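Note sheet for the following structure.
The values are calculated or read from the model by the stated rules, or taken from the named source; none is laboratory data. Only a predicted model underlies this, so the values are computations on that prediction, with no experimental measurement involved. When we count neighbours, we look across all protein chains shown, and the Cβ atoms used for this are built from the backbone with ideal geometry, even at glycine.
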Amino acid sequence: MLTKRIIPCFDVLDGRVVKHVGFLENRRDAGDPIELAEEYSREGADELVLLDISASEEGRLATHRVVSEVANRINIPLTVGGGVSTVDDVRALLLAGADKVSMNTGAVRNPQLIKEAAHRFGEQCVVVAIDANLNQHMGKYEVMIQGGKVGTGMDVITWAKRVAELGAGEILLTSFRQDGTRNGYDLILTRLVSEAVNVPVIASGGAGKKEHFWQVLTDGKADAALAASVFHFAETSIGQVKSYLRQKGVPVRWSAVNAG
Amino acid sequence: MIAVLDLGIGNLSSVRSGFARVGEDTVVVDKGEVYTALAAERKDLTGILLPGVGAFGDAMFQLRVSGLLGVVRQAIREGRPLLGICLGMQLLFSISEEHGSNVGLGVFPGRVVRFPNSVKVPHMGWNDLTVVKDHPLLRGVRRGDYVYFVHSYYAVPQEPEHLLAAAQYGNTQVPAVMAKGSTFGVQFHPEKSGSVGGLILANFVEICRAWYAAHGEEGRPDAGGGISLVSRD
């Protein structure tokens, strides 16, 4: 049976991991990405997502070096995203060692990027990240870009179906409203998207305790759950989350590491 | 040393790291003549890895134009250990329905078909294995161990005796590990499958070494002469 995946995510700025403290712009250095990747891998992470938030060219190159080092050290899949807007960006990250590349604003601006990347490198390595926010005027979830700052007027469900048709192998769905709150995932949003498309959906945004993972992987119908701060701040561990899910009857990858 | 065939499609660094973690060197080979020269030069060239990312038809085309098809066919003929990963395993089947109809290497009689729409496609993530046949390739692997899959097509073998392990996805039984003589295929990615994947790579390395100890010298082709090997680091 295919198991539900628990995926820790971390932001990399100029080659260093940064943690969000509070909301949005407050960040602090959280150390060495390779150490953190190895630690998560040991704890039973099913994949890793690394998001490059560097603004400069030098910062991006530093992140590429981090991707290479992390990829060589861990033996679980690695997804890398952040600022991907061309097929060359995708290629560069794959060559650096990413197994999958996540695109967001770049895909909204140029949807053909999804098709081209899927054709050149295979659907399995194309992840489209969708930032969703409930727009009261639209009465719908709206696709947001540029880190959630700019609304597009596009309906999330319509966009999710479109990216799947264009060749996305997976959707990384973030609830902008829930992100950073640790109040739980947006179950309604996640279920809507997961039922609308036939590709796997990773839920993101709002994880604060182990129960939230259970909710989104059952009621939310997500195939995987991503979390950042809840693991960084050690409020719960990957092992604890998996142990809880297992008790609840959710299929998870279980290893000697988790048992010990 | 394992020769990793480069079909010009995917990134080979993770599979090379996988072998490095179990203490085996790899060399990337992108042309038939490069392999021939290398095999003549290096006494420790043991097995062949056929990786696979991309589409079936493109990969078969690349095998042909690069001259690596001959390398693969010769390895199969002489019984040199060969491991196909993911698409690399599917290439070992007779035919694939991916983007039309493409003929494969035909080691394992059977077709490669797309998953039905009743399940999410790709089949992506960690799935448990059911070992159906004991084999040195799976030494230490237990029923219920998890490995990482990512594929939209799966194989339907005609001859069940080639199946070593399977994974259940929805109503589909996915052949996960195939073997015929010293030719092996795994549908999942052992290089991304944690310690269980490492075990399988280590077992393959052992099989390669044992084969080479028994047959290596006679199996070596004549020198192709003067062509340097290609390596990507």
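Of the numbered criteria (1) away from chain B (no Cβ under 14 Å); (2) under 16 Å from the mean Cα position of the chain (by Cα); (3) of a type in the set (S, T, N, Q), the one residue A:152 fails is (2).
Which of the residues belonging to segment A:54-72 are in contact (Cβ under 8 Å) with a residue 24 or more places away in the chain and out of contact with any Asp or Glu (no Cβ under 6 Å at 6 or more places or on another chain)? Scanning segment A:54-72 gives A:56, A:58, A:64, A:65, A:66, A:67, A:68, A:69, A:70, A:71, A:72. If the condition is being of a type in the set (D, E, K, R), within 18 Å of residue B:122 (Cβ to Cβ) and more than 14 Å from every other protein chain (Cβ to nearest Cβ), then segment B:163-198 contributes no residue at all. Considering every residue within segment B:132-147, establish whether at least one is closer than 27 Å to residue A:5 by Cβ, within 19 Å of the chain's Cα centre (by Cα) and among the aromatic types (Phe, Trp, Tyr). Scanning segment B:132-147, I find at least one residue that is closer than 27 Å to residue A:5 by Cβ, within 19 Å of the chain's Cα centre (by Cα) and among the aromatic types (Phe, Trp, Tyr), so the answer is yes. Checked against the criterion of being crowded, with 19+ Cβ neighbours inside 10 Å, within 12 Å of chain A (Cβ to nearest Cβ) and modelled with pLDDT of 95 or more, segment B:92-113 has no qualifying residue. Elements of the type strands (runs of 3 or more DSSP E) sitting completely within segment B:1-59 and holding at least 2 residues that are surrounded by 23 or more Cβ atoms within 10 Å (Cβ to Cβ) and more than 14 Å from chain A (Cβ to nearest Cβ): these cover B:2-5, B:47-50. When residue B:183 is tested against (1) at pLDDT 95 or above; (2) hydroxyl-bearing (Ser, Thr, Tyr); (3) over 22 Å from residue B:4 (Cβ atoms), just one condition goes unmet, and that condition is (3).
Selection over segment B:79-122 of residues that are basic (Lys, Arg) and either within 13 Å of residue B:157 (Cβ to Cβ) or part of a helix (DSSP H, G or I) (or both) gives a count of 1.
Of all residues being within 21 Å of residue A:5 (Cα to Cα) and among the polar types (S, T, N, Q) in segment A:68-100, which is farthest from the chain's Cα centre (by Cα)? Just the residue, please. Here the answer is A:75. Apart from one condition, residue A:176 fits all of (1) at pLDDT 95 or above; (2) among the aromatic types (Phe, Trp, Tyr); (3) closer than 24 Å to residue A:138 by Cβ; the exception is (1). Can you say whether residue B:125 is without any contact (Cβ under 8 Å) to a residue 24 or more places away in the chain and at positive phi, as far as the supplied structure shows? Judged against the criteria, residue B:125 is not a match. Scanning segment A:111-129 for residues that are out of contact with any Ser or Thr (no Cβ under 7 Å at 6 or more places or on another chain) and over 22 Å from residue B:58 (Cα atoms) turns up A:111, A:128. State whether one or more residues within segment B:165-182 are in a helix (DSSP H, G or I) and surrounded by 24 or more Cβ atoms within 10 Å (Cβ to Cβ). Scanning segment B:165-182, I find no residue that is in a helix (DSSP H, G or I) and surrounded by 24 or more Cβ atoms within 10 Å (Cβ to Cβ), so the answer is no. The test for being over 29 Å from residue A:213 (Cβ atoms) and buried (at least 24 other Cβ atoms within 10 Å of the Cβ) does not hold for residue A:80. Filtering segment A:46-66 down to residues that are surrounded by fewer than 23 Cβ atoms within 10 Å (Cβ to Cβ) and within 14 Å of chain B (Cβ to nearest Cβ), which residue is modelled with the highest pLDDT? Taking the candidates together, the pick is A:65. Residue pairs whose Cβ atoms lie under 7 Å apart, sitting 6 or more positions apart in sequence or on different chains, and linking a residue in segment B:199-215 that is in contact (Cβ under 8 Å) with a residue 12 or more places away in the chain to a partner that is surrounded by fewer than 16 Cβ atoms within 10 Å (Cβ to Cβ) and charged (D, E, K, R), are B:203/B:139. Of all residues in segment A:55-68, which are touching a Ser or Thr at 6+ places or on another chain (Cβ under 9 Å) and closer than 17 Å to residue A:79 by Cβ? Answer for segment A:55-68, where residues must be touching a Ser or Thr at 6+ places or on another chain (Cβ under 9 Å) and closer than 17 Å to residue A:79 by Cβ: A:60, A:63, A:68. Scanning segment A:43-67 for residues that are in a helix (DSSP H, G or I) and more than 19 Å from the chain's Cα centre (by Cα) yields a count of 6. Taking the conditions (1) touching a residue at least 60 places away in the same chain (Cβ under 8 Å); (2) surrounded by 24 or more Cβ atoms within 10 Å (Cβ to Cβ); (3) not hydrophobic (A, V, I, L, M, F, W, C) in turn, residue A:122 satisfies each one other than (1).
Let's see how each residue does on (1) on the phi > 0 side of the Ramachandran plot; (2) surrounded by 24 or more Cβ atoms within 10 Å (Cβ to Cβ); (3) of a type in the set (S, T, N, Q); (4) at pLDDT below 95:
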{"site": "A:183", "(1), (2), (3), (4)": "no, no, yes, yes"}
{"site": "A:188", "(1), (2), (3), (4)": "no, no, no, no"}
{"site": "A:191", "(1), (2), (3), (4)": "no, no, no, no"}
{"site": "A:197", "(1), (2), (3), (4)": "no, no, no, no"}
{"site": "A:202", "(1), (2), (3), (4)": "no, yes, no, no"}
{"site": "A:217", "(1), (2), (3), (4)": "no, yes, no, no"}
{"site": "A:232", "(1), (2), (3), (4)": "no, no, no, yes"}
